[in-house]
Every structure is written in C-alpha cells, then in structure tokens.
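Colleague: Before I ask anything, here is the structure I am working with.
The values are calculated or read from the model by the stated rules, or taken from the named source; none is laboratory data. Remember, it's a predicted structure, so these values are computed and weren't measured experimentally. Quick reminder, even Gly has a Cβ in these numbers, built from the backbone with ideal geometry, and neighbours come from all protein chains shown. What goes into the accessible areas is simple: the full protein's heavy atoms, side chains included, and nothing from ligands, DNA or RNA. Shrake-Rupley method; radii C 1.70, N 1.55, O 1.52, S 1.80 Å.
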Amino acid sequence: MRELRTVVLVEGESDRIAVHGVALRSGRNLEAEGIDVVAMGGVTNTRACAMHYGPCGEGLALAGLYDAPDEATVRLGLASAGLVAALDGDGLSGLGFYKCSLDLEDELIRALGVAAVEAVIEATGETRSLRLLAGMPAQRGWEREAVLRRFLGARSGRKARYAELLVAALEPDRVPDPLAALLARI
C-alpha cells in the first residue's frame, strides 16, 4: 500500500463497498493510490472522524459522501473539526463532500432503474421476501423505489450485500452523480 494521503468518509459499510466497487470497475485501486474509504458507523461520527484524519489530526485530505437529510450534521461535524468552509453555501462540495438525494441506495436504484434492481434481487433468490414486504399494509401505496429502499435496509447486512451487487449491475455511464463526482475528485 502506498502512503495514505486521502480519507473518504462515508456513513456505513454499504457506502464503503459501493465506492470501492465503482472505483474498481473504472480501473482504479484506491488502496494503491493511498486512498482509504472509512465507514464512520453513522453520520453522527463525522466530527470525530474528521478530527482524527483531517487538519487537526493526521492532516490528511478528506472527501466523502453524505445523505441529503444529514447535511446539517455533516456541515457542523466538519466545521467543528476545523473545516469551517463546510458552513458556506457550497462549502461541502468545495471540500469534496457530495450529497446523495436521500442516500446512496436511492442513487443506485435510480441509476439502475426499478426493473434492473428487481432483477438483481431475483438473482439472489429474494423475490419472495420483496413481494412479502411490498404486500404489507405499511408499504401499500408506496412508490416502488421506496419499497426497494426499505427492502435493502430491512435485514442486517443486506445493504452491504446489495451495494456490491447493484454496483456490479451498473453500466459505466450510469454511475450516480455524487459517486462520480467523488471519484473524479479523489
């Protein structure tokens, strides 16, 4: 491994797997490039991770992905870690942090389309589980994309498993914008 020069902060393991997967599919080996993708274990750990790796800690360049609903938490966490530009209007993207509309799973579902995501689920043998979830009273009337997002998060480890499978199913020209921007930056 080369000397570590950049740390990419992502919320969880499924995000870490997706970043690595898209990078590999585009011919990049992030580890060999000195880039570590760190799953923070939740967005509330932004400050602690940025303090550890960023300018007040190891002094490494930081970048990342975050979910739109968590933008305020990310801004405050980065600013508290010495990256005060995060508080500016476009400060997050200026620092290399890119916003997913709802979350990275939503971005992947939209990039692939419902039919392709359902084909991936079918290939894993979990169509029955998806059908049962979709038929539950709480999910009736939901948009299919919302049902798929709920399915991905309904069982421990499923998000990480499907992150790899959904990335593998992506056409190279269909990489979600936040993920493409992040990889272009690092």
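Colleague: If each residue of separation counts as 0.36 nm, what is the full-extension length gain between Leu102 and Ala134 once their alpha-carbon separation is subtracted?
Modeller: 9.5 nm
Colleague: Return the distance in nm (one decimal) between the two label points of a simple spin-label model at Ala184 and Glu13, each offset 7 Å from Cα along Cα→Cβ.
Modeller: 3.2
Colleague: Next question. Just to confirm the number: angle between the C-alpha axis of helix 158-169 and the first principal axis of the chain, 0 to 90 degrees, nearest 10?
Modeller: Around 90 degrees separate the two axes.
Colleague: Using helices alone, I'd like the mean residue ellipticity at 222 nm for the chain: each DSSP H run of four-plus residues gives -39500 (n - 2.57), total over residue count, nearest 500. Numbers along the way, then the final one.
Modeller: On the way: 10 runs with 95 residues, N = 186.
My calculation for the chain gives -14500 deg cm²/dmol from helical runs alone.
Colleague: Mind grabbing the accessible area of Tyr98 for me, 1.4 Å probe, Å², rounded to tens?
Modeller: 40
Colleague: Separate question: Sketch the reach of a paramagnetic label on Thr124 as a point 7 Å from Cα along Cα-to-Cβ, and name the residues of the stretch 152-186 whose backbone nitrogen lies under 17 Å away.
Modeller: 152-170
Colleague: Sticking with this one: Stick to Cα atoms and the Kirkwood definition of Rh, then tell me Rg/Rh for the chain.
Modeller: Values: Rg = 17.0 Å, Rh = 17.1 Å.
Dividing the radius of gyration by the Kirkwood radius yields 1.00.
Colleague: Among Ala81, Ala63, Ala50, which one shows the highest mean-square fluctuation when the chain is modelled as a Gaussian network with alpha-carbon springs under 10 Å?
Modeller: Ala81
Colleague: With the contact rule set at Cα under 8 Å and sequence spacing of 6 or more, what percent relative contact order holds for the stretch 20-70?
Modeller: On the way: 22 pairs, mean separation 9.5, N = 51.
Relative contact order, the stretch 20-70: 19 percent.
Colleague: Right, another one. Quick one: length gained pulling Arg144 to Ala115 fully straight, 0.36 nm per residue minus the C-alpha distance? Write out the running numbers ahead of the final one.
Modeller: Working: separation 29, 0.36 × 29 = 10.44 nm, distance 1.00 nm.
Result for the pair: 9.4 nm of gain on full extension.
Colleague: Also, quick follow-up: Between Ala48 and Leu165, what FRET efficiency follows from the Cβ-Cβ distance if R0 is 25 Å, with the result rounded to 0.05?
Modeller: Values: r = 31 Å, r/R0 = 1.23.
Taking R0 as 25 Å, the efficiency between Ala48 and Leu165 is 0.25.
Colleague: If you average the alpha carbon positions of the stretch 107-186 and of the stretch 49-99, how far apart do those two centres end up, in angstrom?
Modeller: 27
Colleague: If I take every Cα pair under 8 Å that is 6 or more residues apart in the chain, average their sequence separation and divide by the length, what percent do I get for the relative contact order? Display every interim value, and only then the final one.
Modeller: On the way: 268 pairs, mean separation 46.8, N = 186.
Taking the mean separation of contacting Cα pairs over the length of the chain, I get 25 percent.
Colleague: Follow-up question, since we're still on this one. Taking Cα atoms, how many degrees apart are the long axis of helix 114-123 and the longest axis of the chain, rounded to 10 and kept between 0 and 90?
Modeller: 80
Colleague: Expressed as cubic angstrom per residue, what is the convex hull volume of the alpha carbon set of the stretch 4-64? Walk me through the intermediate numbers first.
Modeller: Values: hull volume 3.7 nm³, N = 61.
It comes to 61 Å³ per residue, whole-number rounded.
Colleague: With the chain treated as a Gaussian network of Cα nodes joined by springs under 10 Å, which of Ala86, Ala72, Ala111 yields the largest mean-square fluctuation?
Modeller: Looking only at Ala86, Ala72, Ala111, the largest GNM fluctuation is found for Ala72.
Colleague: Just the accessible area per residue of the stretch 101-164, please: how many Å² with a 1.4 Å probe? Can you show the working numbers first?
Modeller: Working: 3480 Å² over 64 residues.
On a per-residue basis, the stretch 101-164 sits at 54 Å².
Colleague: How much of His20 can a 1.4 Å solvent probe reach, expressed as accessible area in Å² and rounded to 10?
Modeller: My reading of the accessible area for His20 is about 50 Å².
Colleague: Between Ala160, Ala115, Ala39, which gets the highest mean-square fluctuation from a Gaussian network model of the chain, Cα cutoff 10 Å?
Modeller: Taking springs between Cα atoms under 10 Å, the residue moving most is Ala115.
Colleague: Further, regarding this structure: Can you list residues whose amide H is under 5 Å from Asp67's amide H, if they're 5+ apart or on another chain and H is modeled 1.01 Å from N?
Modeller: Placed amide hydrogens put Cys100 under 5 Å from Asp67.
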